[in-house]
Amino acid sequence: MNFVVTPPTHVSLPIVGSSARFPVGRIYCVGRNYVAHAQEMGFTGREPPFFFIKPSDNCVPVAKGTTGTLHYPSLTNDYQHEIELVACIGTGGKNIKAADALKHIWGYAVGLDMTRRDRQTEQKKLGRPWCVGKTFDESCPCGPITPATQVGDIENADIWVQVNGQDRQRSNINKLIWNISETIEHLTTAWELRPGDLIYTGTPEGVAAVVQGDTLVGGITGLEPITLRVV
Ligand code: MN
């Protein structure tokens, strides 16, 4: 193929126990999917799930045992972490029922939905899209994928993130308002999932700012942890 400009590199994620890679397609993120986080954002937590999308090249793949780098982004003084379970889609579809949804998941990983919170809050007040708050280079780092066949009880797994060794967020996947299956049912009424798509399933309470020099370690029981340094 003869391209008129250099084609973009396809982002892919490492896989636990394999040298094969997972090609990243679209990245869907669920808003306010834990009650205590919805409350800290000023909401009741009783609303249907809603979604926003990040482009695949916002994803920073972080290999097992390595420290990923996050460059402190422009236009913010309130750069916040949101630790999230990431469901990685193996087989696509639309109008997927919750009862069938888990069969579409190839594996799971630990990710962070990094946010320019000051910009997001400002755009919410103005009734404008969240784009500048949520979508920017390196806004969604993700660790290695564990195949779904090898994870334990992911729906009752602990989820946490520490900054410089101190707990910031700590909860359990069973506190999701809309569980993984229900999220996929809702999502696929609006969009057709494709193999390679990622779903960031939402963050628990405790979101807070990081600054240059901070080290983040995020984990979910049964999955490879992710380590990141803000520079
Ligand atoms: Mn989020």
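The values are calculated or read from the model by the stated rules, or taken from the named source; none is laboratory data. Because the structure is a prediction, the values reported are computed rather than measured. No Cβ is skipped: glycine too gets one built from the backbone with ideal geometry, and neighbour counts run over all protein chains shown.
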**Message:** Whether any residue in the range 43-59 is free of Cβ contacts under 8 Å to residues at least 24 places away in the same chain and among the aliphatic types (A, V, I, L, M) is what I want to check.
**Reply:** no
**Complete:** The lone condition residue 65 fails out of (1) among the small types (Gly, Ala, Ser); (2) more than 25 Å from residue 207 (Cβ to Cβ); (3) touching a Lys or Arg at 6+ places or on another chain (Cβ under 9 Å) is (3)
**Complete:** Subset of the range 110-153, residues more than 15 Å from the ligand (Cβ to nearest atom), buried (at least 16 other Cβ atoms within 10 Å of the Cβ) and of a type in the set (Gly, Ala, Ser), comes to 143, 148
**Prompt:** Would you pick out the residues in the range 22-44 that are of a type outside the set (Val, Ile, Thr) and away from the ligand (no atom under 14 Å from the Cβ)?
**Reply:** 22, 23, 25, 26, 39, 42
**Complete:** Among the residues of the range 117-167, the number that are over 24 Å from residue 197 (Cβ atoms) and part of a strand (DSSP E or B) is 6
**Item:** Output for the range 181-193, where each listed residue is surrounded by fewer than 20 Cβ atoms within 10 Å (Cβ to Cβ) and either under 14 Å from the mean Cα position of the chain (by Cα) or within 13 Å of the ligand (Cβ to nearest atom) (or both)
**Value:** none
**Message:** Just checking, does the range 5-14 include any residue being touching a strand residue (DSSP E or B) at 6+ places or on another chain (Cβ under 8 Å), within 16 Å of the ligand (Cβ to nearest atom) and of a type in the set (Ser, Thr, Tyr)?
**Reply:** no
**Among the residues listed as 202, 213, 196, 222, the single one being away from the ligand (no atom under 16 Å from the Cβ), at pLDDT 95 or above, in a loop (DSSP other than H, G, I, E, B) and touching an Asp or Glu at 6+ places or on another chain (Cβ under 8 Å)** = 222
**Message:** Could you list, ordered by first residue, the pairs with Cβ atoms under 7 Å in which the first is in the range 188-216 and farther than 28 Å from residue 104 by Cα and the second is hydrophobic (A, V, I, L, M, F, W, C) and in a loop (DSSP other than H, G, I, E, B), at least 6 apart or interchain?
**Reply:** 212/231; 216/210
**Message:** Restricting to the range 1-35, and then to whatever is of a type in the set (D, E, K, R) and part of a loop (DSSP other than H, G, I, E, B), can you tell me which residue is surrounded by the most Cβ atoms within 10 Å (Cβ to Cβ)?
**Reply:** 32
